[in-house]
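Following this message is one structure expressed as structure tokens.
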Amino acid sequence: MHITTRKRLLDTISDLTLRRRAFLLDLVEEVLDSVSPEKLLQPHLKSIAVEGFERFALFAVGKAARAMSEAALNLLPRKPDLIFLADEGHPLPTEAGLAKTAALMRGAESLGERDAALVLISGGGSAMLTSPAEGLTLSDLVETNTLLLASGATINEINCVRKHLSRVKGGRLAELIAPAQTTGLVISDVVGNDLSSIASGPLSPDPTTFEQALAIVERYGLKVPTAVRQYLERGHHGAEEETPKPGSDIFAKTKLTIVADHNTVVQKTLEAARRRGVSAIVQDSPISGEARQAGAQFAAAAAPGSLTVAAGETTVTCTGSGKGGRNQEFVLGGLDALPEDATLLSLGTDGIDGVCPKETAGALIDKELASTGPSPTPYLNNNDSYHYFQKVGGLIITGPTGNNLGDLALILRD
């Protein structure tokens, strides 16, 4: 994986700063290459039984759907009779995503007890696998998702609401596929690997309820469309069917395996650093919480003469009208606490950080780079980290990586 902004990131800097930045960029490129879906799936695909069934279907969902399905087609001993991908529309659902999901659902419903399905799940599926509950529209989902993503709600809270507005999330895809034998392979972008939250748990029992979804809307003061509020209220009062729950027979023939997660990214980073003769310190807990605060804490903890590594996923409470993403805000939030002899980097392993004029993976900063630009405070206040890093030349651009294992944060200090 090539960082296309590499030349600018390494331009006109001192030798020590050049060394730090080059090391971090080299490390990131190697790590992203090492977690390609084909490499991650290979040991799992070889052990999947696909023979002996009348029909074999392949479904792939999320940002890594295309790469995961290509790996499956290369490695499985039998070619699928049906192939459906839900890989359009992120961070907000789209008409294209709606159409692809509808086709996937029809394929799922066509399966019987003598058939088998392989379902490849990755982060981003919550937006890409989209089918509004009865009485709701795509516009309702887009507006609600926009409010949720800007609210500062956790991913588990966001997905609780999403599941209760959908005909395919929260175990409902498993309901459509049943009684076929179902194997799910999951690339997780959710801290803690809650299968009911990754891609909003299309194959997993959903422990959350309409009551909880409605409480989240109220907790964050979200002015959701009237149809959405009314649907959640009807569900709360038992007038809409709940998502399938733990213990349901729907999941009797479904087996799920997580093939990679945030820890995979950390381990691959440690291995790559060791090959370069550098020992790394791993942050005790995954990065989480408000992005700018998490960035400040991460930067302040940088130890002299060390590489510090962390992975996870933060949130951003949007109060401004700027552009950016959680990784860029994480880095900009860490600037004040960053030691003079350190460089900080954070990026999304999917290559896409938030909503930016140009697809951006994340950003890099050190005091030398910051000295060439304006005060970061107005940009933080306006949630406009993208335009700050565009001015100083700190944007990391890779293009979509075909994977999604959450975010990777690094600090190298002399």
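Summing -39500 (n - 2.57) over the DSSP H runs of n ≥ 4 in the chain and dividing by its residue number, what mean residue ellipticity at 222 nm do you reach, to the nearest 500 deg cm²/dmol?
Working: 17 runs with 163 residues, N = 414.
Only helices count here, giving -11500 deg cm²/dmol.
Hey, another quick one. Note down the relative contact order for the stretch 294-363 as a percent, whole number, built from C-alpha pairs under 8 angstrom at least six residues apart.
This gives 36 percent for the stretch 294-363.
Would you mind telling me which residue in Ala342, Ala301, Ala199 has the biggest mean-square fluctuation in a Gaussian network model of the chain, where springs connect alpha carbons within a distance under 10 angstrom?
Sorting by GNM fluctuation, first place goes to Ala301.
Given 25 °C and 0.890 mPa s, how large is the Stokes-Einstein diffusion coefficient of the stretch 238-347 in µm²/s, with Rh as the Kirkwood radius over Cα pairs?
For these conditions, the coefficient is 146 µm²/s.
Continuing with this model, one more query. Using R₀ = 22 Å, calculate the FRET efficiency as 1/(1 + (r/R₀)^6) where r is the Cβ-Cβ separation of Ala252 and Glu70; round to 0.05. Each step should come with its number before you reach the end.
Numbers: r = 30 Å, r/R0 = 1.38.
Between Ala252 and Glu70 the formula returns 0.10.
Just to be sure I understand: of the beta bridges DSSP finds with both ends in the stretch 37-260, what percent are antiparallel, rounded to 5? Intermediate values should be presented prior to the final figure.
Details: 1 of 25 bridges.
Approximately 5 percent, going by the DSSP bridge assignments.
What's the magnitude of the charge dipole for the stretch 37-260 around its Cα centre, counting Lys and Arg as +1 and Asp and Glu as -1 at the beta-carbon? Answer in Debye, nearest 20.
440 debye
Over the stretch 37-260, what is the relative contact order in whole percent, taking alpha-carbon pairs under 8 Å and six or more residues apart?
Once divided by the residue count of the stretch 37-260, the mean separation gives 21 percent.
Using Cα springs under 10 Å in a Gaussian network model of the chain, which residue among Tyr220, Tyr231, Tyr388 shows the largest mean-square fluctuation?
Tyr220
Further question on the same structure: Starting from the 7 Å offset along Cα-to-Cβ, what nm value, one decimal, do you get for the label separation of Asp194 and Lys245?
If labels sit at Asp194 and Lys245, their model points lie 1.7 nm apart.
Oh, and also: Over the stretch 270-414, what portion of Cα pair distances is larger than 26 Å, expressed as a whole percent?
Details: 1696 of 10440 pairs.
So the portion of pairs separated by more than 26 Å is 16 percent.
A follow-up question, please. For the chain, what proportion of DSSP beta bridges, expressed in % and rounded to the nearest 5, is antiparallel? Intermediate values should be presented prior to the final figure.
Values: 23 of 52 bridges.
Close to 45 percent.
From the P(r) of the chain, can you give the percent of Cα pairs sitting at distances over 27 Å?
The proportion of pairs with Cα distances above 27 Å equals 50 percent.
How large is the dipole of the chain about the Cα centre if only Lys and Arg carry +1 and Asp and Glu carry -1, each at its Cβ, rounded to the nearest 20 debye?
On the way: 39 positive and 49 negative charges, 123 e Å.
Roughly 580 debye, rounded to the nearest 20.
Further question: Give the value in nm², to one decimal: projected area of the alpha carbon convex hull of the stretch 191-270, averaged over all directions.
7.5 nm²
Now a separate question. Please tell me the relative contact order of the chain in percent, rounded to the nearest whole number, where contacts are Cα pairs under 8 Å and at least six residues apart.
Across the chain, relative contact order equals 17 percent.
Right, next: For a Förster distance of 22 Å, can you work out the FRET efficiency between the beta-carbons of Thr226 and Ala150, rounded to the nearest 0.05?
E(calc), rounded to 0.05, equals 0.65.
Here's a follow-up. Give, in nm to one decimal, the length gained when the segment between Lys39 and Glu340 is fully stretched (0.36 nm per residue of separation minus the Cα-Cα distance).
104.5 nm
Could you give the length gained on full extension between Arg114 and His2, defined as 0.36 nm per residue of separation minus the Cα-Cα distance, in nm?
Here the answer is 35.9 nm.
I need the calculated FRET efficiency for the pair Ala99 and Thr12, taking r as the beta carbon distance and R₀ as 45 Å, to the nearest 0.05.
In this case the efficiency is close to 0.40.
Another question about this same structure. Hey, how many Å between the Cα centroid of the stretch 84-131 and the Cα centroid of the stretch 257-320?
What the calculation gives is 31 Å, centre to centre.
Still on this structure: So how strong a dipole does the stretch 177-279 carry about its Cα centre when Lys and Arg Cβ are +1 and Asp and Glu Cβ are -1, to the nearest 20 debye?
600 debye
Next question. What does the convex hull of the alpha-carbon atoms of the stretch 37-260 project to on average, in nm²?
With the hull built on Cα positions only, its mean projection is 11.1 nm².
Using Cα springs under 10 Å in a Gaussian network model of the chain, which residue among His44, His237, His387 shows the largest mean-square fluctuation?
His237
Readers should treat all values here as calculations from the given coordinates under stated rules, not as data from a laboratory. Note that the coordinates shown come from a computational prediction; the quantities given were computed from them, not determined experimentally. So basically every Cβ, Gly included, is an ideal-geometry build from the backbone, and we count neighbours across all protein chains shown.
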